[in-house]
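The values are calculated or read from the model by the stated rules, or taken from the named source; none is laboratory data. This structure is a prediction, so every number in the text was calculated from the model and none was measured. Positions of Cβ are backbone-derived with ideal geometry, glycine not excepted, and every protein chain shown enters the neighbour counts. Side chains are part of the model used for accessible areas, which takes the heavy atoms of the whole protein and leaves out ligands, DNA and RNA. Shrake-Rupley method; radii C 1.70, N 1.55, O 1.52, S 1.80 Å.
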Amino acid sequence: MIIDALVAQVAPLQMDENGVLWLAGTRVRLETVIGAFNQGYAAEEILLKYPSLNLTDIYAAITYYLWHREDVDTYLEERHQVAEQVRRENETRFPPQGVRERLLARRTAHP
């Protein structure tokens, strides 16, 4: 019977040493795929933007998200907070005010 042959596959996700989830075998993060999905992109459109993925894995990641939305949303919020912290640290170390002027000054000083 066909129903006996249907077995759910494990989502193609890998977590690195920093706790970041990636689609297995690629350099594309789960948050990238889910972000595009939440912006209204279809799986096929995501594939066009990230050709290192395959359509089956994109659908699997979206399915995983839909089945575990609360957990993935929590993960995504944690990743957003980490990114904001890094941004604040970078802006403290390298203030963005006057960047354009400094770059233009360098260009004229070293033609």
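Quick look at the numbers
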{"quantity": "Selection from the stretch 14-33 of residues that are assigned to a loop (DSSP other than H, G, I, E, B), under 22 Å from E78 (Cβ atoms) and of a type outside the set (K, R)", "calculated": "D16, E17, N18, G19, V20, A24, T26, V28"}
{"quantity": "Filtered residues of the stretch 60-95 (kept if open to solvent by 60 Å² or more (accessible area, probe 1.4 Å) and hydrophobic (A, V, I, L, M, F, W, C))", "calculated": "L66, W67, V82, V86, F94"}
{"quantity": "Pairs where the first residue, in the stretch 1-16, is over 29 Å from R27 (Cβ atoms) and the second is open to solvent by 100 Å² or more (accessible area, probe 1.4 Å), C-beta under 8 Å, 6+ apart", "calculated": "none"}
{"quantity": "Every pair of residues 6+ apart whose Cβ atoms lie under 6 Å, when the first sits in the stretch 38-58 and is closer than 25 Å to E77 by Cβ and among the charged types (D, E, K, R) while the second is open to solvent by less than 60 Å² (accessible area, probe 1.4 Å) and modelled with pLDDT of 95 or more", "calculated": "D57/L23"}
{"quantity": "Contacts under 7 angstrom Cβ, first residue in the stretch 90-111 being without any contact (Cβ under 8 Å) to a residue 12 or more places away in the chain, partner open to solvent by less than 80 Å² (accessible area, probe 1.4 Å), 6 or more apart", "calculated": "none"}
{"quantity": "Those residues of the stretch 41-72 which are of a type in the set (G, A, S), outside any helix (DSSP H, G or I) and under 15 Å from the mean Cα position of the chain (by Cα), in sequence order", "calculated": "S52"}
{"quantity": "Residue check for A36: assigned to a helix (DSSP H, G or I) and at pLDDT below 95", "calculated": "no"}
